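Peer 1: Pasting a structure here, questions to come.
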Amino acid sequence: MVWKVAVADGSVVLGAPAVSSNGIVYIGGSRSLYAIDAASDAIKWKFPTIGVIPVEAPPTISRDGTVYIGDMDGYFYAIR
């Protein structure tokens, strides 16, 4: 194992991650999207959502670094 990260609030981490060109791993959990620095295994930020990010809908990263995610709360988020 290289590293593992515990989410402080006990959220369940779901789905497949997306990895940006600068080594940030984005993964959805129950009611949150996490950005994790793969080099330091530190959570860079957490974006709360109302619903659950579906397992079959991993985050997508655009060229400008915007992260797109759909949520079962009925919203589609663009986060930068």
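The values are calculated or read from the model by the stated rules, or taken from the named source; none is laboratory data. All figures in this text were calculated on a predicted structure; none of them were measured in a lab. We place every Cβ from the backbone using ideal geometry, glycine too, and count neighbours over all the protein chains shown. Ligands, DNA and RNA are stripped out before the accessible areas are found, and what is left, the full protein with its side chains, is counted by its heavy atoms. Shrake-Rupley method; radii C 1.70, N 1.55, O 1.52, S 1.80 Å.
Peer 1: Taking all protein chains in place and a 1.4 Å probe, what share, in percent, of the accessible surface of segment 7-80 do carbon and sulfur account for? Please list the in-between numbers first.
Peer 2: Values: 2460 of 4260 Å².
That share works out to 58 percent.
Peer 1: A follow-up question, please. Sum up the charges of everything whose Cβ sits under 14 Å from the Cβ of I61, counting Lys and Arg as +1 and Asp and Glu as -1, but leave I61 out.
Peer 2: +2
Peer 1: Moving on to the next point. With the contact rule set at Cα under 8 Å and sequence spacing of 6 or more, what percent relative contact order holds for the chain?
Peer 2: Normalised by residue count, the contact order of the chain is 22 percent.
Peer 1: Work out, in µm²/s and without decimals, the Stokes-Einstein translational diffusion coefficient of the chain at 4 °C, 1.567 mPa s, Rh from Kirkwood over C-alpha pairs.
Peer 2: Answer from the Stokes-Einstein relation: 103 µm²/s.
Peer 1: How do T60, T49 rank by accessible surface area computed with a 1.4 Å probe, from largest to smallest?
Peer 2: Per-residue accessible area, sorted high to low, gives T60, T49.
Peer 1: Roll a 1.4 Å probe over the protein chains and send me the accessible area per residue for the chain in Å². Working shown, then result.
Peer 2: Working: 4960 Å² over 80 residues.
Dividing the accessible area of the chain by its residue count gives 62 Å².
Peer 1: Which of these, S62, S32, S20, has the largest mean-square fluctuation under a Gaussian network model of the chain (Cα springs below 10 Å)?
Peer 2: Among S62, S32, S20, the largest GNM mean-square fluctuation belongs to S62.
Peer 1: Please find the FRET efficiency linking R80 to V12, where r is the Cβ-Cβ separation and R0 is fixed at 22 Å, and quote it to the nearest 0.05.
Peer 2: In this case the efficiency is close to 0.30.
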